[in-house]
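Just so you know, all these numbers are worked out from the coordinates, no wet-lab data involved. All values derive from a computational prediction rather than experimental measurement. Neighbour counts are summed over all protein chains in view; Cβ atoms, including those assigned to glycine, are modelled from backbone coordinates with ideal geometry.
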Protein chains: 2
Amino acid sequence: MIKDKKFLIVGLGLLGGSIAMGLKKMNHEVYAIDIDEKAIQYALAHNIILEGSTSLDPDLIGKADVILSGLYPSMIVDWINENQKYMKPHTLITDVTGVKGPIVSKIQSLLREDLEFIGAHPMAGKEVSGIQNADPSIFLPANLILTPTEKNTQEAIDFMREVGIELRFNRIVELSVEEHDEMIGYLSQLTHVIAVSLMNANDSTHLAEYTGDSFRDLTRIAKINENLWTELFLMNKENLIREISCFVDEVNDFKEALENEDCEKMKQKFVTSTKRRKYFDC
Amino acid sequence: MIKDKKFLIVGLGLLGGSIAMGLKKMNHEVYAIDIDEKAIQYALAHNIILEGSTSLDPDLIGKADVILSGLYPSMIVDWINENQKYMKPHTLITDVTGVKGPIVSKIQSLLREDLEFIGAHPMAGKEVSGIQNADPSIFLPANLILTPTEKNTQEAIDFMREVGIELRFNRIVELSVEEHDEMIGYLSQLTHVIAVSLMNANDSTHLAEYTGDSFRDLTRIAKINENLWTELFLMNKENLIREISCFVDEVNDFKEALENEDCEKMKQKFVTSTKRRKYFDC
């Protein structure tokens, strides 16, 4: 059922571009809209898309069966609201946004009755941005998380699973919007706060030559797109603040054990972390 | 000048064992003492050592030109103090201990006049221990840090550099004892506190299936030898407590920016961390 569908990618950045390339490899018809002329030209020159536009082309929007938003989190709700009038009945709309709470219910409640929006989050990325860095192989080790609600049809969920398989995601998982945002606050956003804070706590650039793998691994994600992540953090503010507090309490508890030279407590913490971390080996 | 030297490894664990294997590969004569019969049998069976003992064999100690301690940090001072009577004049003693302050000056001041101790820290390891997991290729990407003092001869420093080259370390660097312990508090020990605390802040094992590379990279070192690291942390207590405080202040500063929705401040932190992290790319 995925065959013969026309895909329109709105926002040809790293993720939108990687998805476009992945769909193209599977011989789908892919179109794109991006305000950046260079992104469209790049996609045309590399045969990633059949047709593209830097303006809101009603014809392009109207012929799509599936519209995938690769827009910044702050733009997606307004974009769909303003352009749904051009969409043909039964168009399926989806996205790549890393936080779901402030987006999914807003879109689903403003949407025309004959359109459907389903939230999707490809947990993949790079430390660089733009379609010039796009690469569908970033999906190979990654999870595609779908966040369907009671407004979604089983057909749309099944369709998105097919898309995930064609894009060669490692796993395709369904979570509620709330579960997704809580999980992402801990596993992804908190880890970014930690990496950024570790880099910023000390001007350690003169120490680069002594650095081992542990520090490099831990701070790799401190290279970060400041505009995107500021938006994502604000959208998940409550979850993230709770996770940061929880983490800081744990670090302070460790510090207190060290101050008191409480060896048993320190060892217990090492034993617990070792045991828990083993669940994450793959 | 390294040729024809007899090396005695005291403590055939992961590091002592890896060094023994690396020296053996370069055709050096390697001997070992370890209280664990299994470790000695393993080393003999795999042709890593020529001879080994589970007891304090005065003959074995007395024929060594170089004695390398792979003992736990808490044991090294006493071991040298009690066994220096068996060592022949001009024996060079070195170690692998991850903290230098409480060790180097103690050993150098109790040592016989005709012996020499030089501190060394191979910044290499694994999440598993024991000679059964030893592998000299762990030194390939790693730094060997030497911490010579005014008690050391240029000859000993040059000799240790030769050993480092034969063991194929990526870089061989000299630091003062104080510089070493400060650097290690930030780059290594603080990162371990962070990884352990991140694992312990939440019982996240049910989230393993959603985990991306960032979380895995950040928590890899949360699998940790609780006895060794408790000793190392206590030995570098002041430096580590200062680094933890500095890091917690930075995380709390980030949290405050998020609470106040201070986008400019958050972006500035992302820009700084991105810029700093680029110095660590190699």
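Listed values for the stretch B:128-142 are Karplus-derived 3J(HN,Hα) couplings in whole Hz (6.51 cos²θ - 1.76 cosθ + 1.60, θ = phi - 60°), namely 10, 10, x, 5, 4, 9, 5, 6, x, 6, 5, 7, 4, x, 9, and x replaces Gly and Pro.
Angle of helix B:154-166 to the longest C-alpha principal axis of chain B, folded into 0 to 90 degrees and rounded to 10: 70°.
Taking a ≥ b ≥ c as the square roots of the Cα gyration tensor eigenvalues, with a/c under 1.5 meaning rounded and otherwise prolate when a/b beats b/c, else oblate, which class fits the stretch B:124-251?
Because a/c hits 1.5 or more and a/b fails to exceed b/c, the stretch B:124-251 counts as oblate.
Shielding by partners for peptide B:241-249, expressed as the average number of C-beta atoms from other protein chains within 10 Å of each residue's C-beta, is 5.
When chain B is treated as a GNM with alpha-carbon contacts under 10 Å, the residue of B:256, B:155, B:113 showing the greatest mean-square fluctuation is B:256.
Note on the protein assembly as shown: Rg/Rh from Cα positions, Kirkwood definition for Rh, rounded to two decimals, is 1.08. Distance to the B-onto-A rotation axis is smallest for one chain B Cβ; residue and value in angstrom are B:217, 2.
Each part gets one Cα centre, and for the stretch A:238-263 versus the stretch B:52-85 those centres are 40 Å apart. Rounded to the nearest 10 degrees, the angle from helix B:263-278 to the longest Cα principal axis of chain B is 30 degrees. Using a 7 Å projection from Cα along Cα-to-Cβ, the label point at residue A:5 is separated from the same position in the remaining copies by 6.7 nm, smallest value first. Partner shielding of A:178-187 amounts to 3, given as the average count of beta-carbon atoms from other chains within 10 Å of each residue beta-carbon.
Put simply, the C-alpha atoms of the stretch B:180-278 give a gyration tensor, and the ellipsoid matching it has half-axes of 25, 20, 13 Å, longest first. Computed on the Cα atoms alone, the convex hull of the stretch B:6-175 gives a volume of 101 cubic angstrom per residue. Averaged over the residues of peptide B:138-149, the number of Cβ atoms from other protein chains lying within 10 Å of each residue's Cβ is 1. The label-point distance for residue B:41 and residue A:252, in a model that sets each label 7 Å from Cα toward Cβ, rounds to 5.2 nm. Relative protection proxy for B:90-101, B:11-22, from highest mean packing down: B:11-22, B:90-101 (other beta-carbon atoms within 10 angstrom). Classification of the stretch B:157-227 by its C-alpha gyration tensor yields a prolate form. The axis ratio a/c (a ≥ b ≥ c) is 1.5 or more, and a/b outweighs b/c. Label-point spacing for residue B:271 across the identical copies (point 7 Å from Cα in the Cβ direction), in nm and ascending order: 4.9. Equivalent-ellipsoid semi-axes for the stretch B:1-100 (Cα gyration tensor, √(5λ), whole Å, largest first): 18, 16, 14.
Give the aspartates and glutamates reachable from residue B:6 as a straight Cα distance under 13 Å; neighbours fewer than 8 places away on the same chain don't count. Cα-Cα hits under 13 Å: B:29, B:51, B:59, B:65. The angle between the Cα long axis of helix A:226-235 and the longest principal axis of the Cα atoms of chain A comes to about 90 degrees, rounded to the nearest 10. Between copies, the label points at residue B:112 (set 7 angstrom from Cα along Cα-to-Cβ) are spaced 9.4 nm, reported in nanometres from shortest to longest. Spatial offset of the stretch B:206-230 relative to the stretch A:86-155 amounts to 30 Å, using the alpha carbon center of each.
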